[in-house]
Every structure is written in structure tokens, then in C-alpha cells.
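Reading through the C-alpha cells given below for one structure.
The values are calculated or read from the model by the stated rules, or taken from the named source; none is laboratory data. Since the model is a prediction, treat every value here as computed from it, not as a measurement. All Cβ positions, glycine included, derive from the backbone under ideal geometry; neighbour counts span all protein chains shown. Keep in mind that these areas ignore ligands, DNA and RNA; they rest on the heavy atoms of the full protein, side chains included. Shrake-Rupley method; radii C 1.70, N 1.55, O 1.52, S 1.80 Å.
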Amino acid sequence: MSILGPFKLMTVTIVALVIVIGAEAGQVLAESFAAGEEDRMLAMVNERRAEHGIEPLEINDALRMVARRHTRDMVTSSELYHNPDLQADVDTALSGWTLIGENVGVGPSTRAVQDGFIDSPPHRRNVEEARFNLAGIGALASERGEVFYTQIFAERRGPPRPTTASAPAGPTADDVIGALLDVLSGIADSLAFWR
């Protein structure tokens, strides 16, 4: 047996461990977002639209990534605010859009935040805008148990463009320690852009 034999085995073992650990870390990051709550909120939005004879929104993965990144940033900063780069982020993620809108909110549950959106005329307009045909929703719970949401709505005409949007990294415990001290439950805001 040559002296390189054990080193080759150790190298293969280390590479295998790195692959497994990397896959596990990616799964943990994906699970840090409340995907079930994102889907639940989309169902509530589409239920509201159906009540008013409006076509349902289709989830768009690229818009979901934009929404998740912004939601993560709000949780990290413990502030509720609109994405100041929304137009540029959507331009990068989605070709052919003609109208976009954004609702942001925080609250104790998906139902509470969605009810808050519906009770607010600017938010309700985004939810009920018939020209919107795509959505991306980001939801992430804070350490205090409040859930931050970003809803991004878009109208897109023409064929979809393939995207290479990557999943955002979730916040670490250090990122959110002490966050949300000044955030009040149920605060929400709305924004829209037209082309």
C-alpha cells in the first residue's frame, strides 16, 4: 500500500462530508422561511380575488425570491418598510412586467396580516387588481413569533424568461437577536409601480 492510499480515502471522506453538510445547510435555510404560510397567504389572496370574479394569481418563483429577500431584510432590521429597490429587483427577476405592487406587513398570524391588508384600501387594491397575474410571497417569523410578510404582485405579458434566482440565506440567530423591539403587531404598508 502506498502512502497516498490513506490520504485519498481521507480526501474522499472529507469531500463527501462537505457535500452532505452543504445539502443539509441548504435545507435548513429553505425551511427557515415559512413556505406553508406563504402558500396559505396566496390561497387567501386568491380566495378574495375569486369572491370578486378576479382570476387567481400564479406563484412566480423569481418574485418569491425577491419577496423572501426583502422579508429577511425586514426581520433582520426589525423594521417594516417597502423594498427601495423593488423596480430594479423585479426587472432583474422578471421580464415583460407592466405593473407591479407590493404589500408589506407583520403580525401574529397569516390570517391577521391578510385581514389587515383587506381592511386597508391601498392594500386591498393591490390584492384585487385584476391586471395582476403573478405573485411572490415571502414570510419569515421573528424570534418573538411575529411573522413578517412581503407580497409582490405583477402583471406580465409575453412568454416567461428563465431566471437564475437563487434562494436567499435565512437570518441567523445572531441576525435577529434583539430584533423587533419597536415593531407593533399588525403594521402594514402598500406600494405600486406602473410602466
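Annotations
- The single residue among 38, 47, 55 that is at pLDDT 95 or above and either part of a loop (DSSP other than H, G, I, E, B) or in contact with an Asp or Glu (Cβ under 9 Å, 6 or more places away or on another chain) (or both) turns out to be 55.
- Scanning the range 43-63 for residues that are in contact (Cβ under 8 Å) with a residue 12 or more places away in the chain and open to solvent by 30 Å² or more (accessible area, probe 1.4 Å) turns up 48, 52, 55, 58, 59, 61.
Condition check ((1) in contact (Cβ under 8 Å) with a residue 60 or more places away in the chain; (2) touching a Leu at 6+ places or on another chain (Cβ under 8 Å)) across all residues:
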site	(1), (2)
87	yes, no
90	yes, yes
93	yes, yes
102	yes, yes
109	no, no
128	yes, no
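- In the range 134-152, the residues that are on the phi < 0 side of the Ramachandran plot and either open to solvent by 60 Å² or more (accessible area, probe 1.4 Å) or of a type in the set (Gly, Ala, Ser) (or both): 135, 136, 138, 139, 141, 142, 143, 144
- Take the conditions (1) touching a strand residue (DSSP E or B) at 6+ places or on another chain (Cβ under 9 Å); (2) surrounded by fewer than 22 Cβ atoms within 10 Å (Cβ to Cβ); (3) among the aliphatic types (A, V, I, L, M); residue 88 misses just one of them, which is (1).
- Members of the range 82-115 that are assigned to a helix (DSSP H, G or I) and either closer than 17 Å to residue 142 by Cβ or touching a Gly at 6+ places or on another chain (Cβ under 7 Å) (or both): 110, 112, 113
- Filter result for the condition that a residue is of a type in the set (Lys, Arg), surrounded by fewer than 19 Cβ atoms within 10 Å (Cβ to Cβ) and either modelled with pLDDT under 95 or more than 13 Å from residue 154 (Cα to Cα) (or both), over 124, 72: 124
- Which numbered condition residue 132 fails, given (1) at pLDDT below 95; (2) over 23 Å from residue 33 (Cα atoms): (1)
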